[in-house]
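In what follows, a single structure is set out as structure tokens and then discussed.
The values are calculated or read from the model by the stated rules, or taken from the named source; none is laboratory data. Worth saying up front: this structure is predicted, and the values here are computed from it rather than measured. Glycine gets a Cβ as well: all are built from the backbone with ideal geometry, and neighbour counts include every protein chain shown.
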Amino acid sequence: MHEYSIVQSLLDIIEESARRHGAKRVNRVVVKIGVLSGVEPHLLKVAFDTFKEASICRDAAMEMVIQPIVARCKECGEVSEFERGEIFFECRKCGGVELDIIDGEDMILQSLEME
């Protein structure tokens, strides 16, 4: 389960940010998880709750924003959202099938609420 190593890296980033800002605790962690990122939200939450106890995040809540796939059509420029379960992506406007994925592949630490 690679979510454990992701959480370890996430906690390192959070602790460094808290140190830079002189924070004593983190109350809330917001992460954006793209549906194509390979990260399972439920497993990430379990890993976070397991490892946060020994960190500055011990009292923090994790909020996850699930990002659908966003693609831009190379033919007409239309930007559309797609769900993970969709097997075939085509432009909703012109029917083109040459699309550039512009969001939904990453996991990003969006914000921290610190004291």
### Summary
Flagged in the stretch 1-33 as outside any helix (DSSP H, G or I) and either modelled with pLDDT under 95 or more than 13 Å from the chain's Cα centre (by Cα) (or both), in numbering order, are M1, H2, G22, A23, K24, R25, V26, N27, R28
### Task
Can you run down the residue pairs with Cβ atoms below 9 Å, 6 or more apart or on separate chains, where the first is in the stretch 59-82 and within 11 Å of G96 (Cα to Cα) and at pLDDT 95 or above and the partner is among the acidic types (D, E) and in a strand (DSSP E or B)?
R72/D100; C73/D100; K74/D100
### Task
Enumerate the pairs (first residue in the stretch 1-22 and within 14 Å of I108 (Cα to Cα); second residue anywhere and assigned to a helix (DSSP H, G or I) and of a type in the set (S, T, N, Q)) with beta-carbon separation below 8 Å, excluding pairs fewer than 6 apart on the same chain, so at least 6 apart or on different chains.
V7/T50
### Query
Do you know which residues across the stretch 1-24 are surrounded by fewer than 18 Cβ atoms within 10 Å (Cβ to Cβ) and in contact with a strand residue (DSSP E or B) (Cβ under 7 Å, 6 or more places away or on another chain)?
I13, S17, H21, A23
### Task
State all residues of the stretch 91-115 that are under 21 Å from V30 (Cβ atoms) and crowded, with 16+ Cβ neighbours inside 10 Å; if no residue qualifies, say none.
D103, G104, M107, L112, M114
